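Notes follow the structure.
The values are calculated or read from the model by the stated rules, or taken from the named source; none is laboratory data. For clarity, every value in this text was computed on a predicted model and none was experimentally measured. Heads up, the Cβs are rebuilt from the backbone with ideal geometry, glycines too, and the neighbour counts pull from every protein chain shown. Surface areas here come from the heavy atoms of the whole protein model, side chains and all, with no ligands, DNA or RNA. Shrake-Rupley method; radii C 1.70, N 1.55, O 1.52, S 1.80 Å.
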Amino acid sequence: MKLESKVPSGALEQKWTKHLGDIKLVNPANKRKYEIIVVGGGLAGSSAAASLAELGYKVKCVIYHDSARRAHSVAAQGGINAAKNYQNDGDSVHRLFYDTIKGGDYRAREANVYRLAQVSVKIIDQCVAQGVPFAREYGGLLANRSFGGAQVSRTFYARGQTGQQLLLGAYSALMKTVGAGAVQMLPHEEMMDVVLVNGHAKGVICRNLNTGKVTRHNADAVVLATGGYGNVFNLSTYGRLSNTTAIWRAYKRGACFANPCFTQIHPTCIPVSGDYQSKLTLMSESLRNDGRIWVPKKKEDSRKSPGDIAEEDRDYYLERMYPSYGNLAPRDISSRAAKKVCDEGRGVGDSGLGVYLDFSDAIRRLGENAVRERYGNLFDIYKEITNEDAYRSPMRIFPAVHYTMGGLWVDYNLMSSIPGLFVLGEANFSDHGANRLGASALMQGLADGYFVIPFTIGDYLAQLKPGSRPASDAPEFAEAEQQVLGRIQKLLSIRGKQPVSHFHKRLGKILWDHCGMARNARGLEKALQEIPALREEFWSNVNVPGDSADLNQSLENAHRVADFLELGELMCRDALDRDESCGCHFREEHIDAEGECDRNDEHYAYVAAWEYAGEGKKPVLNKEPLVYEAVKMVKRNYK
Amino acid sequence: MKVTLKVWRQRNASSPGEFRTYQTPDLNPNMSFLEMLDVVNDSLTARGEEPIAFAHDCREGICGTCSLVINGKPHGPHRLVASCQTYMRSFHDGETIVVEPFRAKPFPIVKDLVTDRRAFDRIMAAGGFISVRTGAAPDANSLPVSKEAADRAMDAAACIGCGACVAACKNASAMLFVSAKVSQYSLLPQGQPERYRRVLGMVAKMDEEGFGNCTVTGACEAVCPKGISLDFIARLNREYSTALLRESIGRTAGSDGGA
Ligand SMILES: Cc1cc2nc3c(=O)[nH]c(=O)nc-3n(C[C@H](O)[C@H](O)[C@H](O)COP(=O)(O)OP(=O)(O)OC[C@H]3O[C@@H](n4cnc5c(N)ncnc54)[C@H](O)[C@@H]3O)c2cc1C
Ligand code: FES
């Protein structure tokens, strides 16, 4: 397949403006004749559905939640970046662009990232106008803080609930359009397949989670804003329901899957406590503004209580290894450093898989109240889960799966390799390369939904005759519906011995061991043996009780895990194929003298876009070369 | 530890429900309540029985999906936490725990412990927003907002829309939920133009959906996982009476200025 990124010509700074001037427009009177299905109601989906409806398009918004306000975006804590330079500390569009490209270890598409930095400033304006209660200074202006990988203060926040507040802003915009009859919500509907007619995306097949009813929905274009797939690891900071089904089915219909192995492991999460565990809880990166990370210098001290370890016996390893960024080193680097000190036997807590995040200096410097004001709710969460008081003794943290930079391949218009199928937010691959900087996912989701798709979708729709969308009784719809029904029947008829969770846990363990913070060819090859075997076992021994006539959570789960069992294999294949280290992708065969990633630009400066080739066949690797016009590819240095 | 569960089982909205009793397998006190249900469900599956349906997603108290009444209390024994943030160490070995769904007429039962709370969305669609077209907003710092107002608006905006307030109220009133949204916007300058139209629209919808009256017993505040304060209900009442008064004398739906 030939991948055309459709990046406009001209100087980097001018590309987006020029593109807006060049792309085709849909005549306002015709807009209501086009119907768009938006799957997803998180930041990306809600903002897109609301903005498209405002323009006059007929929009249906499909979510598996009861309400768009419950999308996983709600859980984001720390903040959202924007190049406002309100702090007058030297920030600019160029600096945000540069930090993001560098943070992603030169594996993101330059023009998309520049556009992201450009539109970031408008996002904050939009959200404030919607009544998002961002933190403010006494003078009434907006407050900022710093996140990893940046030396300026450009992160806007609403206590520790920034994602919730941004989502409620986008959700209320969506509810306004619902009230006005411009958007039809389809809640509790899980999209099970994309329907292609003459190679173009023209609808979806959904299953109602409460009634089990399978239905067809036709449209002129389909937008997927279905979030990330980190739950493939079973344990992660995602909501339990987040899954890959929407993008995986699209992949199997011909949308290329880009860089599937790029997953972000977040350095500051509450460590695992037992095998019953269902999810891991993030402690926001913002804590690293004031918390200091350390482990004992000596192995023997790792079982001691932290208060009994003298200052000179503590190793503030991030400050030592990365003096200029210190505790704010990017996530991939901080996570690996934690793994390294734990591998050396200096990890703390019962499992030895933990490091301290210590606020005693900050409490001395600022007072307990100031610390409470900044991070109170995070300290509360920590207390609830661990039963420990982080005002008195340091938090124990460990890295956990948190975000997926990989996703469906999209061009500059956010269109996948299936014409008419657009992909927004975490579900696409476009902006974060091999590592995402903190507070940039919220920015990207809202940039895509508010400020990119409303314009770029017109470029596609303008080529279609109004009213030309195929009806939902077209044979392609019937075929897709039959496949969905067939799969439901199959899952219900196995009646094996093991619950779905059994397979999910085992898959997660394989991926964590071999496709997690460190990877090597031997491990990946092993995983590529184990995953297909596990998949076979699933399809012969899973037990899905009940039927499909009403709410059946085991069945929902079985569908999702079945897709994870396929995706996991593709991730390992991608990780094996990328024989270099870059960002989150740390191949142990490629480590430089200082223990950092040894990137190989000569051979791997490309986006790996995998194309489905059919059941049991090896997928085809397509490469989109990464060409940088405005920045030079250099070695990432945070020392 | 082990506990006995008395769980509400109901196949769907139209069939009758009943309590059923289950013995849990051995549990770790550090498990969350939902993880305990996961473990019970896996054992039910192994026995060929249908697992207990319950709503959940984030499992960290922010999405508002989980909605259990545990021993008669919406969200369980502790203040300021959601069901998903309740841990087994809060119960004792051998205890019998009663688990029910949020019960309220406007929240019909879907299955077992899962209810349909979409009435909240319909209330939101009737006015829970500030109308601002995408791309039409002025620079974010062009309108300073005092830190006090922003903080107070944030206190209200923290609502997670779980519906525990409704489940706790003998009248199934949704006043705490509606008051949080109305207060958030009325505290901010951006919310002024639609201030009175909003409160009239949301309250009318709330009544239409069958939520009851508020008799200020405070049961809602006591179970709210986010500590949304009853003061906001007082504010809502003020906003609502001013809006009615203005409507009766034919004034416009927004505020003339000043919050
Ligand atoms: C704990 C946590 C904290 C975070 N903190 C930050 C932060 O501080 N700053 C930051 O920038 N980023 C943060 N992130 C990342 C960020 O929150 C996410 O990347 C982002 O919110 C994803 O938004 P989205 O709209 O793409 O997807 P989501 O919010 O995941 O929404 C997905 C939507 O798609 C729907 N959906 C999915 N599949 C289907 C289907 N098959 N059928 C029907 N509907 C479907 C769901 O119902 C949902 O509405 C954090 C992430 C986590 C896990
Ligand atoms: S599951 Fe999200 S609040 Fe409990």
Quiz item: Is it true that some residue in the range A:42-54 is over 26 Å from A:LEU421 (Cβ atoms) and within 16 Å of ligand 2 (Cβ to nearest atom)?
Solution: no
Practice problem: State whether the residues of the range A:302-319 include one that is more than 16 Å from ligand 2 (Cβ to nearest atom), on the phi > 0 side of the Ramachandran plot and more than 14 Å from chain B (Cβ to nearest Cβ). | Solution: no
Quiz prompt | Contacts under 8 angstrom Cβ, first residue in the range B:82-102 being open to solvent by less than 40 Å² (accessible area, probe 1.4 Å), partner basic (Lys, Arg) and within 16 Å of ligand 2 (Cβ to nearest atom), 6 or more apart | solution = B:CYS84/B:ARG59; B:PHE102/B:ARG117
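Pick from B:SER183, B:SER179: which is modelled with pLDDT of 95 or more, outside any loop (DSSP other than H, G, I, E, B) and more than 14 Å from every other protein chain (Cβ to nearest Cβ)? Talk me through it step by step, then tell me what you get.
Working: B:SER183 fails: more than 14 Å from every other protein chain (Cβ to nearest Cβ).
It is B:SER179.
Restricting to the range A:159-181, what's the tally of residues that are within 24 Å of the chain's Cα centre (by Cα) and either farther than 15 Å from A:ASN81 by Cα or at pLDDT 95 or above (or both)? Before you say what the answer is, go through the steps one by one.
Going residue by residue through the range A:159-181, those that are within 24 Å of the chain's Cα centre (by Cα) are A:159-174.
This time we only want the ones that are either farther than 15 Å from A:ASN81 by Cα or at pLDDT 95 or above (or both), so: A:162-174.
Matching residues across the range A:159-181 total 13.
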Practice problem: Give me the pairs, please: first residue somewhere in the range B:17-42 and assigned to a strand (DSSP E or B), second residue anywhere and open to solvent by 50 Å² or more (accessible area, probe 1.4 Å) and more than 16 Å from ligand 1 (Cβ to nearest atom), beta-carbon distance under 9 Å, and either six or more positions apart or on two chains. | Solution: B:PHE19/B:LYS6; B:ARG20/B:LYS6; B:THR21/B:LYS6; B:THR21/B:THR96; B:TYR22/B:LYS6; B:GLN23/B:LYS2
Quiz item: Quick one: would you say B:ALA172 is touching a helix residue (DSSP H, G or I) at 6+ places or on another chain (Cβ under 7 Å), outside any helix (DSSP H, G or I) and open to solvent by 10 Å² or more (accessible area, probe 1.4 Å)?
Solution: yes
Quiz item: Given the conditions (1) part of a helix (DSSP H, G or I); (2) farther than 28 Å from A:ASP332 by Cα, and given that A:LYS505 satisfies all but one, which numbered condition is not satisfied?
Solution: (2)
Exercise. Could you run through the range A:494-518 and say how many residues are more than 14 Å from chain B (Cβ to nearest Cβ) and either in contact with a strand residue (DSSP E or B) (Cβ under 7 Å, 6 or more places away or on another chain) or polar (S, T, N, Q) (or both)?
Key: 2
Quiz item: Which one is farthest from A:GLY449 (Cα to Cα) among residues in the range A:92-131 that are within 14 Å of another protein chain (Cβ to nearest Cβ) and charged (D, E, K, R)?
Solution: A:ASP125
Exercise. Being over 14 Å from B:TYR87 (Cβ atoms) and either within 7 Å of chain A (Cβ to nearest Cβ) or not in a loop (DSSP other than H, G, I, E, B) (or both) is the filter; apply it to the range B:55-69 and report the residue that is farthest from ligand 1 (Cβ to nearest atom).
Key: B:VAL69
Quiz item: From the residues in the range A:587-624 that are of a type in the set (A, V, I, L, M, F, W, C) and crowded, with 16+ Cβ neighbours inside 10 Å, which one is nearest to A:LYS639 (Cα to Cα)?
Solution: A:CYS597
Self-check item: Residue check, B:SER90 more than 15 Å from the chain's Cα centre (by Cα) and more than 7 Å from chain A (Cβ to nearest Cβ)
Solution: yes
Quiz item: Given (1) farther than 18 Å from A:GLU426 by Cα; (2) within 23 Å of the chain's Cα centre (by Cα); (3) surrounded by fewer than 24 Cβ atoms within 10 Å (Cβ to Cβ), where does A:GLY149 come up short, assuming only one miss?
Solution: (3)
